[in-house]
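Contents: one structure, followed by commentary.
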Amino acid sequence: GVGTRKLMIQHHTQVFKALSDATRLRIVLLLLKHGELCVCDIMTSLVIPQSTVSRHLSILRNAGFVEGERRGAWMYYQVITEDTIQTRLLHTVREYGSSWPEVRTDSRRLGEYLKTKETSSCEQPWQS
């Protein structure tokens, strides 16, 4: 009925709003390229604080784009791969967004960080 259609529109509005932010687009593009990442990996790549990364990941999770798993003190996230409207949107985001200069810089920065990161360590790089 009308109520169901209204809920569906609200849900899809939430999905599109989740992708209407540059930081969230950068996060999903990192996850699409590199697979599962720890919050600390994303912080390092985007050079933004943990609270900001967590807030954006929460929005992406609530909209059905990513799922997270706690391991010790850190959360690890990956893109949900089920065939949904979110997956189809992310396919388009990847197609167009992977060539953006900021995204290439994020990915390069992450790659350099991951080469030096200890497998089990998620220490903030500025806390040496």
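Note on segment 38-54: residues that are in a loop (DSSP other than H, G, I, E, B) and in contact (Cβ under 8 Å) with a residue 12 or more places away in the chain amount to 2. Of the residues making up segment 17-32, those that are without any contact (Cβ under 8 Å) to a residue 60 or more places away in the chain and part of a helix (DSSP H, G or I) number 6. Residues considered: ASP21, ASP83, ASP41. Of these, the only one that is exposed (fewer than 11 other Cβ atoms within 10 Å of the Cβ) and among the acidic types (Asp, Glu) is ASP83.
Counting the residues of segment 87-115 that are among the polar types (S, T, N, Q), under 15 Å from GLY35 (Cα atoms) and without any contact (Cβ under 8 Å) to a residue 12 or more places away in the chain gives 1.
Can you pull out the residues in segment 88-108 that are in a helix (DSSP H, G or I) and out of contact with any Leu (no Cβ under 8 Å at 6 or more places or on another chain)? Passing the criteria: ARG88, HIS91, THR92, GLU95, TYR96, PRO101, GLU102, ARG104, THR105, ARG108. For segment 87-126, a residue qualifies if it is among the acidic types (Asp, Glu) and at pLDDT 90 or above, and the qualifying residues are GLU95, GLU102, ASP106, GLU112.
I'd like the full set of residues that are under 20 Å from VAL103 (Cβ atoms) and either of a type in the set (Val, Ile, Thr) or in contact with a strand residue (DSSP E or B) (Cβ under 8 Å, 6 or more places away or on another chain) (or both), limited to segment 46-67. Matches in segment 46-67: VAL47, ILE48, THR52, VAL53, LEU57, ILE59, LEU60, PHE65, VAL66. Within segment 1-24, the set of residues being of a type in the set (D, E, K, R) and more than 21 Å from SER58 (Cβ to Cβ) comprises ARG5, LYS6. Screening VAL47 on (1) open to solvent by 80 Å² or more (accessible area, probe 1.4 Å); (2) at negative phi shows it passes everything except condition (2).
The values are calculated or read from the model by the stated rules, or taken from the named source; none is laboratory data. Bear in mind the structure is a predicted one, so any value in this text is a computation, not a measurement. In this analysis, Cβ positions are derived from the backbone assuming ideal geometry, glycine residues included, and neighbour counts consider all displayed protein chains. All accessible areas refer to the heavy atoms of the entire protein, side chains included, with ligands and DNA or RNA removed. Shrake-Rupley method; radii C 1.70, N 1.55, O 1.52, S 1.80 Å.
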